[in-house]
Amino acid sequence: MEIYMKKITVLKSDIRFISYAAVGGYEERRGPLGEKFDFSDPTDRFGQDTWELAESEMGKVALNTALTKMKLSHSDIDLLVAGDLQNQCVASSIGLSGFGIPFVGVYGACSTCTESLMTLSAFMESSEALKIGAALTTSHNSAAERQFRMPIEYGGQRARSAQWTSTAAGAFILGRRSGIDSPWSEKPKISAFMPGKIVDGATADGSNMGGAMAFAAAESILDYFSESEERPRDYDYIVTGDLGQVGSDILKDILREKLPGAENIHTDCGLLLYDREIQDAHSGASGCGTSASVLASHFLPLLESKKINKILFLSTGALMSPQSLLQGQNIFGIAPIIKLTSPD
Amino acid sequence: MMETSYKKKLIKKHTPHSRVLRDCTLAFLFGGAICTLGELLYMLYSYIGFDSEKSGMLVTVSLIFLGALVTALGFFDNIARYSGAGTLVPVTGFANAVTSEAMDSRSEGLVTGIGVKIFNVAGPVILYGILSGVLYGIIYYVYTLIQRGSFF
């Protein structure tokens with residue numbers, strides 16, 4: 001009897017991460033994963049006049065780097081799914097305008113990395129004709145600070161629960177394997193996904209987005225394991241996007257109570273990107289580039305080299321706008337899940 | 001589904017408080033240092049020969065200039081990270097709020113960028129500063145009328 005799953009989609013197609021690249025700025029290079037980034041610009045400018053264009057350029061560099069690694073060109077890509085943190089997702093539109101590839105723009109706040117990979121794999125699952133697709137996620141500290149918070153050079157003291165929006169991009173090229181002779185057998189696989197729900201974060205504090213998103217992450221993880229037959233111990237890691245210290249602590253408390261064992265394999269990209277002892281990141285990194293760049297620089301290489309076999313990856317998004325916060329609305333969280341496995 | 005009260009409890013449990021003693025001490029030291037600098041400038045201007053009122057005004061102008069300069073050179077936010085209210089409360093905080101916004105919005109043009117947004121952060125101080133000035137003026141006027149006995 002086939003078990004009917006409503007929330008989780010198990011992919012029947014064999015979709016692999018055939019190439020990926022992480023690009024960052026100054027702080028990202030200084031962090032513990034800095035060495036593993038494919039490229040970083042210590043000026044954060046990427047040769048551009050404005051921070052907004054810098055984000056566009058950074059995304060372009062990331063995607064081109066990922067393509068170059070597999071000797072692919074723009075015309076090899078059938079579909080491009082991308083998102084960023086700027087209003088109307090304009091960083092992606094401007095950065096990718098010259099590529100001439102069918103494009104789907106997505107916005108999931110900081111959950112964009114998982115959201116774009118989920119969307120792309122759903123497209124690929126639905127159409128055999130799509131052989132190679134690309135997903136790109138960017139965030140830029142200065143562009144985001146300007147848009148969501150204060151001027152860049154504004155001197156203020158941030159709350160200890162606040163996080164540091166990363167200047168980072170992650171580009172992923174997904175390829176379909178059809179038949180045993182297909183290439184890419186040694187590449188990590190995306191084998192299932194589950195969209196997240198919009199979950200009330202129970203706070204309107206813009207300096208505590210990690211805390212607000214923790215509940216969305218918890219609900220997604222609990223939903224996943226209640227519907228799937230797997231157990232947390234089948235996994236090497238449950239990786240959240242950017243909960244930071246506050247959000248991770250909250251999530252661990254919930255998991256300890258409701259899904260014992262899961263808290264021990266939890267890890268968070270927001271805690272991996274920076275060295276919080278020496279970098280001014282407070283509760284950790286945030287921004288959609290965080291989970292994208294950590295996935296591309298850290299977890300995918302681990303999966304590809306079979307050092308780990310199976311992870312649940314859920315980027316966490318804080319759904320809000322500067323206006324909604326000022327109007328006293330709570331922050332809502334969302335955490336779509338993708339399941340990643342090492343090559344067989 | 002988790003209860004809102006359960007969520008609020010967890011947020012409260014894990015959100016770190018600000019370090020009041022450390023923050024206050026640093027604010028006191030940095031703020032005090034700025035005020036001392038102001039006092040030294042005042043003595044300098046008086047020594048040069050300006051009267052008390054002009055010296056005071058020149059001190060304000062000088063501190064605003066220094067705040068703007070340090071902001072433009074890119075140090076202000078690195079200092080304010082530690083000093084907090086110490087750099088915010090003196091007039092330096094106002095200079096920083098205006099300068100940083102001007103630097104940011106330069107990319108959107110001189111009129112539509114800087115012109116529109118320069119008082120984005122400092123605007124409330126200007127608006128409510130003027131409003132309370134007007135209010136104080138009215139109260140003061142009424143008070144003087146009463147004092148002169150011409151009110152009734």
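The values are calculated or read from the model by the stated rules, or taken from the named source; none is laboratory data. Remember, predicted model here, so these are calculated numbers, not experimental data. In this analysis, Cβ positions are derived from the backbone assuming ideal geometry, glycine residues included, and neighbour counts consider all displayed protein chains.
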### Task
Considering every residue within the stretch A:188-197, establish whether at least one is within 12 Å of chain B (Cβ to nearest Cβ) and either of a type outside the set (Phe, Trp, Tyr) or more than 15 Å from the chain's Cα centre (by Cα) (or both).
yes
### Summary
Taking the stretch B:92-115 and keeping only residues that are within 21 Å of residue A:45 (Cα to Cα) and facing another protein chain (nearest Cβ under 10 Å), one is left with B:99, B:100, B:101, B:102, B:103, B:104, B:105, B:106, B:107, B:108
### Summary
Only one of (1) within 8 Å of chain B (Cβ to nearest Cβ); (2) buried (at least 24 other Cβ atoms within 10 Å of the Cβ) does not apply to residue A:157, and that is (2)
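Considering the stretch A:62-90 alone, what residues qualify as being among the β-branched types (Val, Ile, Thr) and under 17 Å from residue A:103 (Cα atoms)? Lay out the reasoning, then the answer.
Just the residues of the stretch A:62-90 that are among the β-branched types (Val, Ile, Thr), to begin with: A:65, A:68, A:77, A:81, A:90.
Once the filter is applied, which keeps residues that are among the β-branched types (Val, Ile, Thr) and under 17 Å from residue A:103 (Cα atoms), the stretch A:62-90 yields A:77, A:81, A:90.
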### So residue A:198, is it over 27 Å from residue A:327 (Cα atoms) and among the aliphatic types (A, V, I, L, M)
no
## Note on the structure
Note: among A:219, A:145, just one is part of a helix (DSSP H, G or I), modelled with pLDDT under 95, touching a strand residue (DSSP E or B) at 6+ places or on another chain (Cβ under 8 Å) and surrounded by fewer than 24 Cβ atoms within 10 Å (Cβ to Cβ), namely A:145
### Query
In the stretch A:163-179, is there at least one residue being in contact with a strand residue (DSSP E or B) (Cβ under 8 Å, 6 or more places away or on another chain) and surrounded by fewer than 21 Cβ atoms within 10 Å (Cβ to Cβ)?
yes
### Query
Looking at the stretch B:35-77, which of its residues are in contact (Cβ under 8 Å) with a residue 40 or more places away in the chain and buried (at least 17 other Cβ atoms within 10 Å of the Cβ)?
B:38
## Note on the structure
Checked B:98, B:91 against criteria (in the same structural domain as residue B:59 (by TED's automatic domain parsing), within 13 Å of the chain's Cα centre (by Cα) and buried (at least 21 other Cβ atoms within 10 Å of the Cβ)); the one match is B:98
#### Entry: Only one of A:76, A:49, A:41 that is closer than 24 Å to residue A:275 by Cα and in the same structural domain as residue A:138 (by TED's automatic domain parsing)
A:41
### Query
Within the bounds of the stretch A:106-123, is there any residue that is surrounded by fewer than 20 Cβ atoms within 10 Å (Cβ to Cβ) and either under 30 Å from residue B:30 (Cβ atoms) or charged (D, E, K, R) (or both)?
no
### Task
Can you tell me which residue among B:132, B:83, B:107 is without any contact (Cβ under 8 Å) to a residue 60 or more places away in the chain, among the polar types (S, T, N, Q) and either touching a strand residue (DSSP E or B) at 6+ places or on another chain (Cβ under 8 Å) or buried (at least 20 other Cβ atoms within 10 Å of the Cβ) (or both)?
B:83
### Query
Does at least one position in the stretch A:19-32 carry a residue that is among the polar types (S, T, N, Q), within 16 Å of the chain's Cα centre (by Cα) and modelled with pLDDT of 95 or more?
yes
### Message
It is to be established whether one or more residues within the stretch B:142-152 are of a type outside the set (S, T, N, Q), free of Cβ contacts under 8 Å to residues at least 24 places away in the same chain and either in the same structural domain as residue B:31 (by TED's automatic domain parsing) or closer than 30 Å to residue A:281 by Cβ (or both).
### Response
no
### Query
Pairs under 7 Å by beta carbon, first residue facing chain A (nearest Cβ under 8 Å) in the stretch B:1-27, partner in a helix (DSSP H, G or I) and small (Gly, Ala, Ser), six or more apart or different chains?
B:11/A:211; B:14/A:211; B:15/A:211
### Task
Find all pairs meeting these conditions: Cβ atoms under 7 angstrom apart; at least six residues apart or on different chains; first residue within the stretch A:256-273 and of a type in the set (Val, Ile, Thr); second residue in a helix (DSSP H, G or I).
A:265/A:232
